[in-house]
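Accompanying notes for the structure given below.
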Amino acid sequence: MSTILNDITTPRLVLRLMNKAVMESCLAGELAVAGNLLGAVIPPALLLHPSSLTYSLKALAHDPLYAPWSARAIILPDKGEMIGLIRFHGAPGDASLLKYAPHAVEVGYEIYPPYRRQGYAKETLGAVMAWAQATYDVHAFVASVSPSNIPSRQLVAGFGFVKTAEIMDDVDGLEYVYLRYTE
């Protein structure tokens, strides 16, 4: 894995930060404009769940230091196509995570349907956790997953996440909260 500017690269993917202009263009429905700014085709599937972009924009407005933790497009570089999104819900030490672990970060991700079950989520999650550990010395990770999302539950279990709580999310309903510590 290497990091170039705002990209995190893996053997098959580029995880590129979506800056304010890209996110605002997406939310305005201007996917072609956003794609030109991002350097990848952005599918309409992104707008089926725009709350990640809305959240990231609000978090950036509140705290500019959130920038490296914000939404990242998951891009297939050989096709120049966005296949999903990953983001951290806050910077390390976010107050909402203190009950789980100090200096933790929560990660959320989505791979669009045509690209699921091909290992992209595993590659992406592993890369962002390695980046957070190497760049910011983060060793505690939280993931909230719907009980009905078996593939995602299997993914976090494969990384050694352990279920620590159940919460009722205002947007997503019941979620299991998983925690992972790294060395």
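Annotation: A95 fulfils all but one of (1) surrounded by 17 or more Cβ atoms within 10 Å (Cβ to Cβ); (2) among the aliphatic types (A, V, I, L, M); (3) within 25 Å of V138 (Cβ to Cβ); the unmet one is (1).
Condition (residue is at pLDDT 95 or above, closer than 21 Å to F161 by Cβ and part of a loop (DSSP other than H, G, I, E, B)) applied to the stretch 4-11: is it met by at least one residue? Yes, that holds for at least one residue. Can you report the number of residues in the stretch 147-183 which are of a type in the set (G, A, S) and closer than 17 Å to F88 by Cα? Qualifying residue count for the region: 1. Across the stretch 25-57, the qualifying residues are those that are surrounded by 14 or more Cβ atoms within 10 Å (Cβ to Cβ), among the small types (G, A, S) and out of contact with any Leu (no Cβ under 9 Å at 6 or more places or on another chain), and the one among them that is nearest to V107 (Cα to Cα) is S56. Among the conditions (1) over 30 Å from V33 (Cβ atoms); (2) assigned to a helix (DSSP H, G or I); (3) touching a strand residue (DSSP E or B) at 6+ places or on another chain (Cβ under 7 Å); (4) small (G, A, S), the only one that A165 does not satisfy is (2). So how many residues does the stretch 144-157 have that are of a type in the set (A, V, I, L, M, F, W, C), surrounded by 13 or more Cβ atoms within 10 Å (Cβ to Cβ) and not in a strand (DSSP E or B)? Qualifying residue count for the region: 3. Could we say that V22 is in a helix (DSSP H, G or I) and surrounded by fewer than 21 Cβ atoms within 10 Å (Cβ to Cβ) here? No. On the given criteria, is A132 small (G, A, S), in a helix (DSSP H, G or I), in contact with a strand residue (DSSP E or B) (Cβ under 9 Å, 6 or more places away or on another chain) and surrounded by 15 or more Cβ atoms within 10 Å (Cβ to Cβ)? It is true that A132 is small (G, A, S), in a helix (DSSP H, G or I), in contact with a strand residue (DSSP E or B) (Cβ under 9 Å, 6 or more places away or on another chain) and surrounded by 15 or more Cβ atoms within 10 Å (Cβ to Cβ).
Residues considered: G126, G160. Of these, the only one that is of a type in the set (G, A, S), surrounded by fewer than 18 Cβ atoms within 10 Å (Cβ to Cβ) and in a loop (DSSP other than H, G, I, E, B) is G160.
So is D137 over 15 Å from the mean Cα position of the chain (by Cα) and on the phi > 0 side of the Ramachandran plot or not? For D137, the condition - over 15 Å from the mean Cα position of the chain (by Cα) and on the phi > 0 side of the Ramachandran plot - is met. Being at pLDDT 95 or above and not basic (K, R) is not true of V171.
The values are calculated or read from the model by the stated rules, or taken from the named source; none is laboratory data. Nothing here was measured: the structure is a model prediction, and the numbers come from that model. For neighbour counting, all protein chains shown are included, and Cβ atoms are generated from backbone atoms with ideal geometry for every residue, glycine included.
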